[in-house]
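**Q** The structure that follows is given in the form of structure tokens.
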Amino acid sequence: MKADPQGPPMTPPPNEEAEPLPALAALPAKTDSLERESFWSLVRESLAGSRRDLTVMPLGRAILLLAVPMVLEMVMESLFAVADIFWVSKLGADAVATVGLTETLLTIVYAVSMGLAMGVGAVVSRRTGAKDPSGAGRAAVQAVLLGIALSVIVGTLGAFFAPHLLALLGASPSVLAMGTGFARIMLGGCATVVLLFMINAAFRGAGDASITLRTLWLANGINILLGPILVFGLGPAPRLGVTGAALATNIGRGIGVIYQVCMLVRGRGRLVIRREHLAVDAESLRTIFRIARSGVVQSLIGMTSWVVLVRILAAFGSTALAGYTIAMRVVMFMLLPSWGLGNAAATLVGQNLGAGNPARAEQAVWRSALYNCVFLGTLGLLLVPLGPQVVRLFTPDTAVVEQGGRCLRIVAAGFAFYAYAMVVSQAFNGAGDTRTPTWINLGCFWLGELPLALLLSRFFDLGPSGVYIAITLAFSSMAVVSVVLFRRGGWKTAKV
């Protein structure tokens, strides 16, 4: 197929009306009171749960209605890990090691869950855009059934083999003694993770982003409340140590899942489950599996590439590793809003394809990517000169600040490219074309980033800086390749 001739992708399409609602980064300084009122009223509507048709309203407003709760949802996701490690760190190094090793085991669960979630989100958004609420409801039921089936298998095996898996990862005898209970609860209770991911993907696909946000607020609130009580034995509760953190997390997530199911059954949002939907739908299952196969591989490629990068950096000592760790935590936090914009674009792509309007679906991607570029590009301009100062907020160690500051400067220099990479890759997934971003990830990360990191750091004697440069080049090339392939338009005919 030939590339779309309608101008470059770095600007919104010329036939799209101008709107006073723009990037999430900031409002123009001279915005009048009416525009400000319109912006904030839309923010309030997005948090309350909008019922407007996202396939016909102005794109800027549709993006805002979806992106605000989705951005906040990403922040809530990050709080789970932060809350757990905050309380567990008070118990000593073995407790922290337990959490770290168990999270490594759960990486596979997360990857499979995210891959399946891609399939669920693509099917639900396409059915929603086609004005087929019954089809969307049936797809949501299949998500729950898949999640339960996967959780039973993984949870049973994980709980039984937990100590053996920890030992396989190199856990010391003291970590095994302390952490076996934690690992068994986290792996055995993986249903809370799987269902939370998959049902939230269904809500996002339907455009009910506010429900996913409220789900995570509830789950996080309970986790944060129960964490110190169960870890330290406050009040009448027993002191459970690191095992208490696992219980708090699973109880919080479990209650979040119960809330999700209640919202599906009560029918107060766009996505509703009726009695007639409660059956196995072979066609929806096949579609979800077909899309999810590549989605799972896509997630695994991305996650494992980061693990290998850490292994490469570890050869340069703890100072380089510490600086990299701090810098990348900052980077990941800065990228959270971009994930929200990417998810918003994915939902709009799926719904507009379902409504038979691929041109509007494409416009939604370029508009979201432009907003993301303004946001991330601005952050990059700030972080490049201020990298060491930002890292110094986390540690007074001069050597770590030097390494972390250099990493932050190099990686932040490519933020404007990352903006397009994140939105366009999610747009492929929203269309149901998970194969294309999977091949892009494989080429840019495993065949590009990792060999380049070794080459620059070892053979060209650039040390850790070679790894940082490889990260920037990999994400920048991912942006260019994604944009080129997206403009070819094959995603418009993806079968969902």
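The values are calculated or read from the model by the stated rules, or taken from the named source; none is laboratory data. Keep in mind it's a predicted model, so treat the numbers as computed, not measured. So basically every Cβ, Gly included, is an ideal-geometry build from the backbone, and we count neighbours across all protein chains shown.
**Q** Got a number for residues in region 394-435 being among the hydroxyl-bearing types (S, T, Y) and crowded, with 24+ Cβ neighbours inside 10 Å?
**A** 4
**Q** Let me ask something else. Among the residues of region 189-218, what is the count of those that are more than 15 Å from the chain's Cα centre (by Cα), at pLDDT below 90 and of a type outside the set (G, A, S)?
**A** 2
**Q** May I pose another question? With the condition kept exactly as written, say whether any residue in region 247-263 is of a type outside the set (A, V, I, L, M), farther than 22 Å from V112 by Cα and outside the structural domain of F394 (by TED's automatic domain parsing).
**A** yes
**Q** Only one residue in L370, L376 is over 29 Å from I291 (Cα atoms) and either more than 20 Å from the chain's Cα centre (by Cα) or touching a residue at least 12 places away in the same chain (Cβ under 8 Å) (or both). Which one?
**A** L376
**Q** Scan region 221-237 and tell me whether some residue there is over 29 Å from V496 (Cβ atoms), touching a Gly at 6+ places or on another chain (Cβ under 6 Å), at pLDDT 90 or above and small (G, A, S).
**A** no
Yes/no matrix, rows are residues, columns are (1) hydrophobic (A, V, I, L, M, F, W, C); (2) farther than 25 Å from I301 by Cα; (3) not in a helix (DSSP H, G or I); (4) not assigned by TED's automatic domain parsing to the domain that holds F428:
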{"residue": "L105", "(1), (2), (3), (4)": "yes, no, no, yes"}
{"residue": "A111", "(1), (2), (3), (4)": "yes, no, no, yes"}
{"residue": "K131", "(1), (2), (3), (4)": "no, yes, yes, yes"}
{"residue": "V154", "(1), (2), (3), (4)": "yes, no, no, yes"}
{"residue": "F160", "(1), (2), (3), (4)": "yes, yes, no, yes"}
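**Q** Separate question: In region 133-151, what residues are among the polar types (S, T, N, Q) and either closer than 19 Å to D433 by Cβ or in the same structural domain as A355 (by TED's automatic domain parsing) (or both)?
**A** Passing the criteria: none in range.
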